[in-house]
Amino acid sequence: MSEPQDSNPFTSPHGDDQPSSPELSSIPGPLAVAVLLGLLLTAWQIGEFFVIGYTDTSQQFSLLLGAAFSCLISLGLVARSSPTWAAARFYFLFHGIMAVGFCVMAFVFLKPPLAIVSGLVQAGLCLAIFSALGRESVRKYHRLQCPHCDYVNTGGDDLLCFQRRCTRCGFRW
């Protein structure tokens, strides 16, 4: 009787001739872009705090509060959670619309050009994040894919997508 070969515990369970996976991360590219843009928005808001935060105390805390929200929501997008995804989409859409409104008001009331540029930059960043979060790969990452028919959708029965319903087959999960 022949003795079985000793197995090497340090070898790969796959053959050495199989190509390695090209995937470097499980986070989709548009989500990584959204997180980086969110952190860039946070840095922009902190920079604004240092530029105008010390001269006007009424805006001081609103700038830091906006920066804290942007940072927390951006970093929270890494979690695979559909409520986090929905909250981030709503927040960045709202923030972008408010930044456009701020920019228009600054233009109408003849505020310094820095205020107009600030509104445009924040609006651009927020709307870019909003559109990146709407990509199919990001929605799939945040578990917005129907387990019944594999259709990727964003339909939620509630505002924050705690309970979702497929728009194609009507399945709830």
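The values are calculated or read from the model by the stated rules, or taken from the named source; none is laboratory data. Because the structure is a prediction, the values reported are computed rather than measured. Ideal geometry is used to build each Cβ from the backbone, glycine not excepted, and the neighbour counts take in all protein chains shown. The area values use the complete protein model at the heavy-atom level, side chains included, leaving out ligands, DNA and RNA. Shrake-Rupley method; radii C 1.70, N 1.55, O 1.52, S 1.80 Å.
Miscellaneous remarks
- Residue check for Ser70: in the same structural domain as Phe49 (by the TED database), within 30 Å of Phe171 (Cβ to Cβ) and of a type in the set (Ser, Thr, Tyr): no
- Note on region 70-88: residues that are open to solvent by less than 50 Å² (accessible area, probe 1.4 Å) and in a helix (DSSP H, G or I) total 12.
- Each residue in region 103-120 was checked for being open to solvent by less than 50 Å² (accessible area, probe 1.4 Å) and touching a residue at least 24 places away in the same chain (Cβ under 8 Å), and 1 pass.
Rundown of residues vs (1) under 20 Å from Trp44 (Cα atoms); (2) over 15 Å from the mean Cα position of the chain (by Cα); (3) aliphatic (A, V, I, L, M), yes/no style:
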residue: Arg89; (1), (2), (3): yes, no, no
residue: Gly96; (1), (2), (3): yes, no, no
residue: Leu114; (1), (2), (3): yes, yes, yes
residue: Leu125; (1), (2), (3): yes, no, yes
residue: Gly134; (1), (2), (3): no, no, no
residue: Arg139; (1), (2), (3): no, no, no
residue: Gln145; (1), (2), (3): no, yes, no
residue: Phe162; (1), (2), (3): no, yes, no
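- Given (1) out of contact with any Ser or Thr (no Cβ under 9 Å at 6 or more places or on another chain); (2) over 23 Å from Arg143 (Cβ atoms); (3) modelled with pLDDT of 85 or more, number of the condition Phe61 does not satisfy: (3)
- Positions within region 113-123 being at pLDDT below 90 and out of contact with any helix residue (DSSP H, G or I) (no Cβ under 8 Å at 6 or more places or on another chain), in sequence order: Pro113
- Leading residue by the ranking (farthest from Glu48 (Cα to Cα)) among those in region 121-143 that are open to solvent by 50 Å² or more (accessible area, probe 1.4 Å) and not in a helix (DSSP H, G or I): Arg143
- Residue match in region 92-101 (condition: of a type in the set (Phe, Trp, Tyr), closer than 17 Å to Gly38 by Cα and either without any contact (Cβ under 8 Å) to a residue 24 or more places away in the chain or open to solvent by less than 40 Å² (accessible area, probe 1.4 Å) (or both)): yes
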